[in-house]
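**Student:** My questions all concern the structure below.
Since every read-out is calculated from the coordinates, none of them should be taken as a lab result. Quick caveat, the model's predicted, so the values are computed rather than measured. Cβ: placed from backbone, ideal geometry, glycine included. Neighbour counts: every protein chain shown.
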Amino acid sequence: MANIFQIIIASIFVNNYVFARFLGICPLLGVSNKTETAAGMGVAVTFVITLASAITWVVHEFVLSQFGLEYLMTIVFILVIAALVQFVEMFLKKSSPGLYNALGVYLPLITTNCVVLGVAILNITSEYNFIEMIVNALGSSIGFLIAIVFLAAIRERIDIADVPEVFKGFPISLVTVGLMSMAFMGFQGLV
Amino acid sequence: MGKILKNGILYDNTIFVQLIGLCAVLGVSTTATNGFFMSIAVIFVLTLSNVFISLFRNFTPDKIRIPIFIVIIATFVTLVDMLLNAFVPDVHAQLGVFIPLIVVNCLILARAESFASKNGVFPSIVDGIGMGLGYTLAIMSMAIVRELIGSGTLFGLQILPESYPGIGAFVSAPGSFIILGVLIAVFRWILTAIEAKRAKAPAEKMAQVPTDSVSA
C-alpha cells in the first residue's frame, strides 16, 4: 500500500512528466490557449494513457517477453496506441456523441503525443506489476492534466500583458513552464 | 538544393521556427555529447525514413498513409536504438526513453507528411539532412549553453577554470525550459533582423532606379 501511495505522489508531483521529464511539450504548448480546451485535452489524454498503458503492458507481458521479442517494443507499442486511439474515436462517435464532441478534436493529436508512448515504455522499464502500472498511468496523466490547466490559466493572463515582440507566444510560455517547473521542484524531497 | 538546405536550417528550423519536437531537445541537452548523439540519431532516422516514404509514395493508399509512415519510422528508430546500445552504451543509457520516443517526434512525421510523400527521393534526402542540421543547430546551441554555464565543461572537457563552481539551475529541468524560451526569442530576433535588411536592400535598389533614369 505504501508503495502505491509513493507511486501516486511521485508521478503527479515529484516526477511530473511535463515538468521533470519533458514529455508532452507539444500538446502542452499547442492546446493551452484556453482553460476549457486545455481541460478537454487533459481529460482525453488521461483516458488514452490509462487504456494504452494497460493494453501495452498486457501485450508486453504475455506476447513480447514470452517470445523474446522485446526489441520490437517501440514498433508494437506505437501501433497499439495508434489503433487504440482510432478505436476509441469510433466507439465514442457511436456510443456517446456528447463526449465525442467534447474530446473528438483532441483524439487524433494524442497518437503523436509522446506522453502516451513515454508512460507505456517507462512502465515496462520500471518493471511495475499490473496494479502499480495502472496507478502510475493514472497519476502521470493527472500530472499532465494539472500542468496543462495551470499553464492555460496563466497564459490567459499573459495574453493581455505587455510582452516584448520576440517573446510573444511560445517563448514566453516556455519561460512560464520553466518557472512552474521550478515551483514543482519544491516537491522533490517528498518521496 | 541549396534552398531546401537553407530552409531546413534557418527559415523553417523545426525547433526555433516551427516549434515542433521540443521534448527531446529539452530532455537530452544537458551535455554536448548527448546532444551530438541525439542529433546523429535524428538525422539518421529522418533521412532514411524520408527516402523510403518517398520511394513508396506512389503505392501508399491515402487513407492509411499515417500508420504506414509510423511503421517505417519505427523501424529506423529500432535500428538506431540497437546501434547506439551496441556502440555507445553510456550515451544510450543517458538518452534513455528519448530514443524510442523519436517515433512520436512530430518533426519526423511532419516531414514525411509535408515533404517526402510529395517529392522525389533526392530532394527528400536533402530535406532530411537540412531539417536534421537545423535540429542539430538547435540542440547543440542548447547543450553548449547548458553544459558550459552549468558545469564549465564541453563534451566532458574542462573549459572554464577548475575553480568555476557551475550553476546548477542551467543543468536542471526549469533552466532547460527557460533557456529554450530565450534561445527561440533570440533566433526570432536574428531572423527578423535578416528580413528587415533584405526588405531594405530591394527598397534601396528601387529607390536608385528612378534617380538613375532621371540622370540618364
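**Student:** Averaging over all projection directions, find the projected area of the Cα convex hull of the stretch B:2-202 and quote it in nm² with one decimal place.
**Tutor:** Values: hull surface 52.6 nm².
Seen from a random direction, the Cα hull of the stretch B:2-202 projects 13.2 nm² on average.
**Student:** Right, next: Based on the Kirkwood radius over alpha-carbon pairs, what value in µm²/s does the Stokes-Einstein equation return for the translational diffusion coefficient of the stretch B:1-58 at 10 °C and 1.306 mPa s? The partial results should precede the final answer.
**Tutor:** Details: Rh = 13.0 Å.
Roughly 123 µm²/s, to the nearest whole number.
**Student:** Right, something else. Of the options A:A120, B:H92, B:L48, report the single residue whose Cα projects farthest towards the positive end of the charge dipole of the protein assembly as shown (beta-carbon charges: Lys, Arg +1; Asp, Glu -1).
**Tutor:** Going by the Cα projections, it comes out as B:L48.
**Student:** Which links in A:K168/B:K197; A:K34/A:K168; B:K3/B:K118; B:K6/B:K197 stretch past 20 Å when you go from one Cα to the other? Before the final figure, lay out each step's value.
**Tutor:** On the way: A:K168/B:K197 22 Å; A:K34/A:K168 16 Å; B:K3/B:K118 17 Å; B:K6/B:K197 17 Å.
Over 20 Å Cα-Cα: A:K168/B:K197.
**Student:** Sort the following peptides by mean Cβ neighbour count (other Cβ atoms within 10 Å, averaged over residues), highest first: A:121-128, A:176-183, A:65-72. Show your work: numbers first, answer last.
**Tutor:** Working: A:121-128: 16.9, A:176-183: 19.6, A:65-72: 11.1.
Top of the packing list down: A:176-183, A:121-128, A:65-72.
**Student:** Under the definition of partner shielding as Cβ atoms of other protein chains within 10 Å of a residue Cβ, what is the mean value for peptide B:16-24? Don't jump to the answer; show the numbers that get you there.
**Tutor:** On the way: counts 2, 0, 0, 9, 5, 4, 8, 13, 4.
Mean partner-chain Cβ count within 10 Å for B:16-24: 5.
**Student:** Filter the GluC sites (Glu not before Pro) in the stretch B:79-163 down to the DSSP loop ones having no more than 13 other Cβ atoms within 10 Å, then list what survives.
**Tutor:** Details: sites: B:E113, B:E147, B:E162; in loops: B:E162.
For GluC sites (Glu not before Pro) across the stretch B:79-163 that sit outside H, G, I, E and B with at most 13 neighbouring Cβ atoms in 10 Å, the list reads B:E162.
**Student:** So how long is each side of the stretch A:105-174 along the principal axes, counting just the alpha-carbon atoms, biggest first, in Å?
**Tutor:** Principal-axis extents of the stretch A:105-174 (Cα, largest first): 50, 24, 20 Å.
**Student:** List the lysines whose Cα lies under 24 Å from the Cα of A:K94, skipping any in the same chain that are fewer than 8 positions away.
**Tutor:** Within reach: B:K63.
**Student:** Please give the Cα centre distance for the stretch B:64-96 versus the stretch A:1-53, rounded to the nearest Å.
**Tutor:** 25 Å
**Student:** Okay, moving on. Using modelled amide H (1.01 Å from N, peptide plane; none on Pro or chain starts), what sits under 5 Å from the amide H of B:L154, excluding residues fewer than 5 places away?
**Tutor:** Here B:I159 satisfy the definition.
**Student:** I'd like the per residue volume of the convex hull spanned by the Cα atoms of the protein assembly as shown, given in cubic angstrom.
**Tutor:** Numbers: hull volume 82.6 nm³, N = 407.
Given the Cα convex hull of the protein assembly as shown, per-residue volume reads 203 Å³.
**Student:** For chain A, what is the per residue volume of the convex hull drawn over the alpha-carbon atoms, in cubic angstrom?
**Tutor:** Numbers: hull volume 24.0 nm³, N = 191.
Normalising the Cα hull of chain A by residue number yields 125 Å³.
**Student:** If you don't mind, there's one more thing I want to ask. For chain A, set up a Gaussian network in which alpha carbons nearer than 10 Å are linked by springs, and say which option among A:A39, A:A52, A:A102 fluctuates the most.
**Tutor:** In this elastic network of chain A, the residue with the biggest mean-square fluctuation among A:A39, A:A52, A:A102 is A:A102.
**Student:** Using a Förster distance of 35 Å, how high is the FRET efficiency between A:N33 and A:L99, based on the Cβ-Cβ distance and rounded to 0.05?
**Tutor:** 0.95
**Student:** When the Karplus curve 6.51 cos²θ - 1.76 cosθ + 1.60 is applied with θ = phi - 60°, which whole-Hz ³J(HN,Hα) does each residue of the stretch B:149-154 get, with x for Gly and Pro?
**Tutor:** Once rounded to whole Hz, the list reads 7, x, 9, x, 10, 9.
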